[in-house]
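The values are calculated or read from the model by the stated rules, or taken from the named source; none is laboratory data. Worth saying up front: this structure is predicted, and the values here are computed from it rather than measured. Glycine also receives a Cβ, built like all others from the backbone with ideal geometry; neighbour counts cover every protein chain displayed. Note: accessible area is taken over every heavy atom of the protein model, side chains too, but ligands, DNA and RNA are not part of it. Shrake-Rupley method; radii C 1.70, N 1.55, O 1.52, S 1.80 Å.
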Amino acid sequence: MTNFNISRFGRTLRWSAMMTKKEILTNAAAMTFAFAVPFVIHALSSRNRLEALVAQSLHDVTALNLGIYIIICMIGGCWLFNNMNTKEQRITFKMLPATDLEKFVVRAIYVTVVWWVMAFAAFCLADLFRMLVCLVSGTEIVGSAVPDFLGMLFYDDNHTVNINGESEIFSFVAVVAAANAWVFWVHSLYVLGGAFFRRRQFVLTTLVHFVIGLVFMPIVISGVYKIDGDSLRESYDAAMWSVTAVFTLLGLLDWWLSYKIFRRMQVINNKWINL
């Protein structure tokens with residue numbers, strides 16, 4: 001059997017889509033609720049206010065929901081092997097007529113592409129619900145929050161930071177690359193946690209992130225304070241690209257380790273870790 005066959009992969013992908021329909025609907029409902037709560041608070045608190053103020057409030061709550069969206073996307077990796085919680089599920093999935101690589105890629109697509117599209121669809125539904133609440137409560141609808149949400153997601157016009165009282169324009173591309181690499185690493189660590197831990201993947205992986213932050217954040221902060229403003233301005237772009245490279249490599253390592261763990265998973269015993 002070849003390691004990867006596109007026809008066999010397609011059949012496995014369709015099977016996985018059919019088996020996860022209920023889970024997708026459940027998670028999408030939970031995401032919609034998470035986005036709808038800030039929207040409803042905005043709608044109810046904006047009654048009898050000027051349209052300009054309502055529009056600004058909607059912009060602010062959209063930014064809040066963007067943060068919720070990014071968090072949802074990052075933690076989605078913990079659902080990598082959510083279809084293997086029971087002995088029957090493990091036997092069914094591991095015994096599929098497909099290679100480990102094909103099965104792993106199917107689940108990887110689920111916790112990336114499917115998860116992110118699902119979260120965006122949930123945001124759109126929550127926005128529709130907001131407009132309905134505004135219509136019922138007599139609040140200015142202003143318009144859909146989706147264009148504003150997409151504008152924030154793919155572009156940010158705040159390119160400046162303040163150092164020693166001076167506004168410095170740094171390389172926007174370097175900053176965005178570093179931020180995206182960090183998000184990629186955070187998501188990959190949740191993927192690794194989803195493969196490594198058999199139970200409570202989200203809680204345990206979040207604790208790992210917390211410990212890593214406690215260990216390394218003081219080191220980073222102390223290093224920044226030791227650099228004067230002129231040196232920071234000169235080395236800022238290089239530092240951002242270095243951060244991008246480090247987080248990208250760490251993220252790729254996490255994905256590779258996740259695949260290795262999946263290949264060694266036991267169907268019957270389901271040990272906590274089987275290296």
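Please count how many residues of the stretch 93-116 are free of Cβ contacts under 8 Å to residues at least 40 places away in the same chain and open to solvent by 50 Å² or more (accessible area, probe 1.4 Å). Number satisfying all stated conditions: 1. Applying a threshold of 6 Å to beta carbon distances and a minimum spacing of six or more residues, or different chains, the list of pairs starting in the stretch 175-189 at a residue that is within 15 Å of residue 72 (Cα to Cα) and ending at one that is small (Gly, Ala, Ser) reads 184/251; 185/251; 187/77; 188/251. Note on the stretch 1-43: residues that are open to solvent by 40 Å² or more (accessible area, probe 1.4 Å) and closer than 30 Å to residue 135 by Cβ total 8.
I want to confirm something. Restricting to the stretch 208-229 and keeping residues that are modelled with pLDDT under 80 and touching a helix residue (DSSP H, G or I) at 6+ places or on another chain (Cβ under 8 Å), which single residue is nearest to residue 196 (Cα to Cα)? Of everything passing the filter in the stretch 208-229, 224 is nearest to residue 196 (Cα to Cα). Considering the stretch 142-157, the residues that are outside any helix (DSSP H, G or I) and out of contact with any Ser or Thr (no Cβ under 7 Å at 6 or more places or on another chain) include one that is modelled with the lowest pLDDT, namely 157. All conditions but one from (1) closer than 30 Å to residue 263 by Cα; (2) outside any helix (DSSP H, G or I); (3) open to solvent by 40 Å² or more (accessible area, probe 1.4 Å) apply to residue 49; the one that does not is (1). With the condition kept exactly as written, say whether any residue in the stretch 55-66 is β-branched (Val, Ile, Thr), farther than 17 Å from residue 183 by Cβ, part of a helix (DSSP H, G or I) and open to solvent by less than 20 Å² (accessible area, probe 1.4 Å). Yes, there is a match, as at least one residue in the stretch 55-66 is β-branched (Val, Ile, Thr), farther than 17 Å from residue 183 by Cβ, part of a helix (DSSP H, G or I) and open to solvent by less than 20 Å² (accessible area, probe 1.4 Å).
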